[in-house]
Each structure stands twice: as C-alpha cells, then as structure tokens.
1. Can you confirm whether region 44-59 contains a residue that is surrounded by 11 or more Cβ atoms within 10 Å (Cβ to Cβ) and among the acidic types (Asp, Glu)?
2. I'd like the residue in region 81-94 that is in contact (Cβ under 8 Å) with a residue 40 or more places away in the chain and either under 10 Å from Met66 (Cα atoms) or of a type outside the set (A, V, I, L, M, F, W, C) (or both) and, out of all such residues, is most open to solvent (accessible area, probe 1.4 Å).
3. Which ones in region 1-26 are without any contact (Cβ under 8 Å) to a residue 24 or more places away in the chain and under 18 Å from Glu85 (Cα atoms)?
4. I need the full set of residues from region 1-34 which are among the charged types (D, E, K, R) and under 16 Å from Leu45 (Cβ atoms), in order please.
5. Please find, within region 18-29, the residue that is nearest to Val73 (Cα to Cα) out of those that are outside any loop (DSSP other than H, G, I, E, B) and open to solvent by less than 60 Å² (accessible area, probe 1.4 Å).
6. Please find, among Gly15, Gly67, Gly32, the residue that is of a type outside the set (A, V, I, L, M), touching a Phe, Trp or Tyr at 6+ places or on another chain (Cβ under 8 Å) and open to solvent by less than 40 Å² (accessible area, probe 1.4 Å).
7. Being in a helix (DSSP H, G or I) and in contact (Cβ under 8 Å) with a residue 40 or more places away in the chain: is that true of Arg42 here?
Amino acid sequence: LARAIFDHISIWFEGKIFVENVREVSKGSLSGLKKLQKQVLRNVLNDQGIIVTSVYDGKHMMKKMMGSRKVLVVLDDVDDIGQLEALVGEATWFKPG
C-alpha cells in the first residue's frame, strides 16, 4: 500500500526515494545506517558520486544538500528512533511542501 501511494504521488517532488527494509539493513552491520544515508542522498539528489564517511557526516550532508528541495522520503520497516534521526532528521532539513 505504501509503495502504491508513493508511486502515485512521487511525480510532485523534486527528489524521491522509497527505502525498504530499514530495520534489517541498519542492524545488519555497523555501517548499515551510513549505507542507507548514502542511498537516500544519491537517489534524492540524483548523484551517484556521493560518499558518506560516517552517520554524523551523512546527517550533515542531508541537512545541507536537501534543504532547498521538495522531497518525498518513505522509510519502510523502521523500528528505532535512531533510524529516523539518521535518515530524515528534522522537517527543517527539507523544503516545505
């Protein structure tokens, strides 16, 4: 259902990503959240050259690089507040809308 809604409304956003299995990926390895941050940044900004060196760095990059974009980020299977904080932070990280 979430994917169907994402597919339907994603045309109204400058950047978009549907991230599946957040719980599994983030807890599967020490670099799981960093991998997800890189995935979000690369897809939303359409730049495959983005490198994330740490979770802190990823949060800073998201805040800095996506603040001027209207984006749609859907996170599937989140089970920890730390995952949300690392992947979407605050509403001020993104352009309103």
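The values are calculated or read from the model by the stated rules, or taken from the named source; none is laboratory data. Since the model is a prediction, treat every value here as computed from it, not as a measurement. Positions of Cβ are backbone-derived with ideal geometry, glycine not excepted, and every protein chain shown enters the neighbour counts. Note: accessible area is taken over every heavy atom of the protein model, side chains too, but ligands, DNA and RNA are not part of it. Shrake-Rupley method; radii C 1.70, N 1.55, O 1.52, S 1.80 Å.
1. Yes - at least one qualifying residue is present in region 44-59.
2. The initial filter retains those residues of region 81-94 that are in contact (Cβ under 8 Å) with a residue 40 or more places away in the chain, namely 82-83, 86-87.
Retained after the next criterion (residues that are either under 10 Å from Met66 (Cα atoms) or of a type outside the set (A, V, I, L, M, F, W, C) (or both)): 82-83.
Values: Gly82: 24, Gln83: 6 Å².
Ranking the qualifying residues of region 81-94, first place goes to Gly82.
3. Result: Val25, single match.
4. Pass one, region 1-34, residues among the charged types (D, E, K, R): 3, 7, 14, 16, 20, 23-24, 27, 34.
The answer is Glu14, Lys16.
5. Going residue by residue through region 18-29, those that are outside any loop (DSSP other than H, G, I, E, B) are 18-19, 22-28.
Filter again for open to solvent by less than 60 Å² (accessible area, probe 1.4 Å), leaving 18-19, 22, 25-26.
On the way: Phe18: 6, Val19: 8, Val22: 12, Val25: 16, Ser26: 16 Å.
Here the residue is Phe18.
6. Numbers: Gly15 fails: touching a Phe, Trp or Tyr at 6+ places or on another chain (Cβ under 8 Å); Gly32 fails: touching a Phe, Trp or Tyr at 6+ places or on another chain (Cβ under 8 Å).
Of Gly15, Gly67, Gly32, the one residue that is of a type outside the set (A, V, I, L, M), touching a Phe, Trp or Tyr at 6+ places or on another chain (Cβ under 8 Å) and open to solvent by less than 40 Å² (accessible area, probe 1.4 Å) is Gly67.
7. On the way: in a helix (DSSP H, G or I): yes; in contact (Cβ under 8 Å) with a residue 40 or more places away in the chain: no.
So Arg42 fails the test.
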